[in-house]
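Report on the following structure.
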Amino acid sequence: MTIKLYNTKVRKKVDFEPIDPNNVRMYVCGPTVYDRAHLGNARPVIVFDTLFRLLRHTYGADHVTYVRNFTDVDDKINATALARQQAGAAGTLEDLINERSNETISWYLEDMGAVGAMEPNAAPRATDYIAEMIAMIENLIEKDHAYAAEGHALFRVRSYQDYGALSGRSVDDMIAGARVEVAPFKEDPMDFVLWKPSTDDQPGWDSPWGRGRPGWHIECSAMALDLLGEEFDIHGGGNDLQFPHHENEIAQSTCCGHGFANVWMHNEMLQVEGKKMSKSLGNFFTVRDLLDQGVPGEVIRLVFLLTHYRKPMDWTEAKRGEAEKMLADWVSVLQKHGYSPKTIEGLKASGDWVADAEFIGVLSNDLNTSGAISRMHVLAKAKTAAGLVPLAHALETLGLVTDWSVLETAANQDDDMPDWATSVIDRLIVERGNARDAKDWGEADRLRDLLNAAGVQVTDVAGTATWVPGPNFDPSVLEGLK
Ligand code: AMP
Ligand code: ZN
């Protein structure tokens, strides 16, 4: 099964061909660890965790290396540590900085674990790679791609011909649009910081340019090089990182003479009820806030997966309800057909734990998670092992079930789905398909309206219609059709 991925660098979907199928390598920019992860931060985590799972399925669990870093050099971390010290907290500033990073990292792993994210194979901290960053900067200075000035080291952007190729902009366009910092020690306002001096109350390391700390971009270049090598397969992150962060990573690594990443992937941003999530709009919340309100992590994850990763995604209450219902229905259909944690264990041991080829095919098409979910509705309706085993497999592949003890919880009775309703809806969908084939649009619309009135959500995937009861599901509307 060939995986297709949209490569930002060439602006089209490409057949994914790993450099070494025995070791498929992916790097994703991780969080700056100054506070709890907000809901938007969970998007790249869930998207690339899903890709990680698909790669493991395709190439084998031991043949994928996923690295996601922690950026633990940041002025906001320092500010919190300093405030704590001024408020009388014990320990040196360095201790307090470490404490803040450590607590934020443990929250992050806990919250992301709750939304079904596996831990990557390596989760390096920038502060453990200072020597590697210094070596890389020295290499760039030697090659004239960087220079030292007033305690700083700066990357000479105009020395790299292809700067801007990822985001498809010219250097001059970027200067016009970007908030580039003009500083007297820069040769060109576009040049960016590789190293900067630290004051006594800022964390700092000795370097050929004096005591200081690295710029953000060099961190990822150095960690990716050390853990994945000069050339690797996939580099991911949010859309907002394309410029300048990813352009700068490419410039640094390429100018060191490395191939760097072949495929660049970017997730679109998250919004809340149609609006940008921001503190000033009062619609800002963290993953932890939702978990504390009792929204299960799997429901949060499913809401994300309902939208393709390259589309802006909206968090809404309606979607939360819809996702909750879908998950409950999948678990309930498995329970009703006698599936237990033991059954799943048995299937895995006997080699009968099989994936549905169509589900994997849809998912392999640039991570079409919503299409894959539609396929799961079809599998759930089969109500035989031929559908239900692949359904369970799919739930695990999408990270929606990470612990099969969910099957032990009191059977989730599907009270509002009487048996007759399933057959009426299935029949209406077939009739609607027939009407469409006969180009009888009036009849097709009438049937669709009827289904809508009952709150049934119909999705057409590759010519097959699937349905789920939506949040306003009311089968009584269809009672006359029994
Ligand atoms: P940060 O800690 O701000 O560097 O962000 C960590 C990751 O979260 C990056 O990959 C960002 O692109 C991503 N991110 C931040 N805000 C959002 C958002 N609203 N929607 C989706 N991804 C986001
Ligand atoms: Zn990065």
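Restricting attention to the stretch 233-254 and to residues that are open to solvent by 20 Å² or more (accessible area, probe 1.4 Å) and within 28 Å of L306 (Cα to Cα), the residue that is nearest to ligand 2 (Cβ to nearest atom) turns out to be L241. Of all residues in the stretch 343-359, those satisfying the criterion of being part of a helix (DSSP H, G or I) and within 13 Å of V389 (Cα to Cα) are T343, I344, E345, G346, L347, K348, S350, A357, F359. Looking across the stretch 55-84 at every residue that is of a type in the set (S, T, Y) and closer than 30 Å to K4 by Cβ, the one that is nearest to the chain's Cα centre (by Cα) is identified as Y66. Counting only residues that are open to solvent by 30 Å² or more (accessible area, probe 1.4 Å) and assigned to a strand (DSSP E or B), the stretch 178-194 holds 1 of them. The selection criterion, being closer than 21 Å to I97 by Cβ and open to solvent by less than 50 Å² (accessible area, probe 1.4 Å), holds for S198. Considering V389, V362, which residue is in contact with a Gly (Cβ under 7 Å, 6 or more places away or on another chain) and assigned to a helix (DSSP H, G or I)? From the options V389, V362, the qualifying one is V362. Within the stretch 441-461, which residues are more than 21 Å from S476 (Cα to Cα), surrounded by 13 or more Cβ atoms within 10 Å (Cβ to Cβ) and over 38 Å from the mean Cα position of the chain (by Cα)? If the condition is that a residue be more than 21 Å from S476 (Cα to Cα), surrounded by 13 or more Cβ atoms within 10 Å (Cβ to Cβ) and over 38 Å from the mean Cα position of the chain (by Cα), then E443 is the only one that fits.
Among the residues of the stretch 210-227, those identified as away from ligand 2 (no atom under 11 Å from the Cβ), more than 14 Å from I250 (Cβ to Cβ) and open to solvent by 40 Å² or more (accessible area, probe 1.4 Å) are R211, D226, L227. Evaluated against (1) surrounded by fewer than 17 Cβ atoms within 10 Å (Cβ to Cβ); (2) free of Cβ contacts under 8 Å to residues at least 40 places away in the same chain; (3) over 24 Å from V64 (Cα atoms), E230 falls short on exactly one condition, (3). For the stretch 313-329, a tally of residues being open to solvent by 40 Å² or more (accessible area, probe 1.4 Å) and among the small types (G, A, S) returns 1. Once the stretch 255-282 is narrowed to residues that are at pLDDT 95 or above and in contact with a strand residue (DSSP E or B) (Cβ under 6 Å, 6 or more places away or on another chain), the residue that is nearest to R310 (Cα to Cα) is N267. Restricting the stretch 80-109 to residues that are in contact with a Lys or Arg (Cβ under 7 Å, 6 or more places away or on another chain) and either under 26 Å from W209 (Cβ atoms) or without any contact (Cβ under 8 Å) to a residue 24 or more places away in the chain (or both), which is surrounded by the most Cβ atoms within 10 Å (Cβ to Cβ)? Ranking the candidates gives A81 first. Scanning the stretch 242-278 for residues that are assigned to a helix (DSSP H, G or I), within 14 Å of ligand 1 (Cβ to nearest atom) and hydrophobic (A, V, I, L, M, F, W, C) yields a total of 1.
Whenever a residue of the stretch 8-29 is of a type in the set (A, V, I, L, M) and modelled with pLDDT of 95 or more, its partners that are more than 16 Å from ligand 2 (Cβ to nearest atom) and open to solvent by 80 Å² or more (accessible area, probe 1.4 Å), lying with C-beta atoms within less than 9 angstrom and at least six residues away or across chains, give the pairs V14/K4; I19/E231.
Note on the stretch 282-319: among residues that are over 22 Å from D35 (Cα atoms) and assigned to a loop (DSSP other than H, G, I, E, B), the one that is farthest from ligand 2 (Cβ to nearest atom) is T316.
When residues in the stretch 38-56 are screened for being open to solvent by less than 10 Å² (accessible area, probe 1.4 Å) and within 16 Å of ligand 1 (Cβ to nearest atom), 10 of them pass. Residue pairs whose Cβ atoms lie under 8 Å apart, sitting 6 or more positions apart in sequence or on different chains, and linking a residue in the stretch 243-259 that is closer than 9 Å to I218 by Cα and without any contact (Cβ under 8 Å) to a residue 60 or more places away in the chain to a partner that is within 16 Å of ligand 1 (Cβ to nearest atom) and open to solvent by 10 Å² or more (accessible area, probe 1.4 Å), are E249/H217. Residues considered: V24, V28. Of these, the only one that is within 16 Å of ligand 1 (Cβ to nearest atom) and of a type in the set (A, V, I, L, M, F, W, C) is V28. Taking the stretch 195-241 as the range and being part of a loop (DSSP other than H, G, I, E, B), more than 30 Å from K4 (Cβ to Cβ) and either within 16 Å of ligand 1 (Cβ to nearest atom) or within 31 Å of the chain's Cα centre (by Cα) (or both) as the test, the residues that pass are P203, G215.
With of a type in the set (A, V, I, L, M, F, W, C) and either open to solvent by 10 Å² or more (accessible area, probe 1.4 Å) or within 30 Å of F359 (Cα to Cα) (or both) as the only criterion, which of M133, M112 stands out? The match here is M112. Could you grab me the full set of residues in the stretch 1-37 that are open to solvent by 60 Å² or more (accessible area, probe 1.4 Å), part of a strand (DSSP E or B) and out of contact with any helix residue (DSSP H, G or I) (no Cβ under 8 Å at 6 or more places or on another chain)? Once the filter is applied, which keeps residues that are open to solvent by 60 Å² or more (accessible area, probe 1.4 Å), part of a strand (DSSP E or B) and out of contact with any helix residue (DSSP H, G or I) (no Cβ under 8 Å at 6 or more places or on another chain), the stretch 1-37 yields K12, K13, D15. Checking each residue in the stretch 30-54 for being closer than 18 Å to G399 by Cα and either within 16 Å of ligand 2 (Cβ to nearest atom) or at pLDDT below 95 (or both) picks out N41, R43, P44, V45, V47, F48. Please indicate, with yes or no, whether at least one residue in the stretch 142-157 is open to solvent by 10 Å² or more (accessible area, probe 1.4 Å), more than 24 Å from G236 (Cα to Cα) and in contact with a Pro (Cβ under 6 Å, 6 or more places away or on another chain). Within the stretch 142-157, one or more residues are open to solvent by 10 Å² or more (accessible area, probe 1.4 Å), more than 24 Å from G236 (Cα to Cα) and in contact with a Pro (Cβ under 6 Å, 6 or more places away or on another chain).
The values are calculated or read from the model by the stated rules, or taken from the named source; none is laboratory data. Keep in mind that what you see is a predicted model, and the values were worked out from it rather than measured. Neighbour counts run over all protein chains shown; Cβ positions are idealised from the backbone, glycine included. All accessible areas refer to the heavy atoms of the entire protein, side chains included, with ligands and DNA or RNA removed. Shrake-Rupley method; radii C 1.70, N 1.55, O 1.52, S 1.80 Å.
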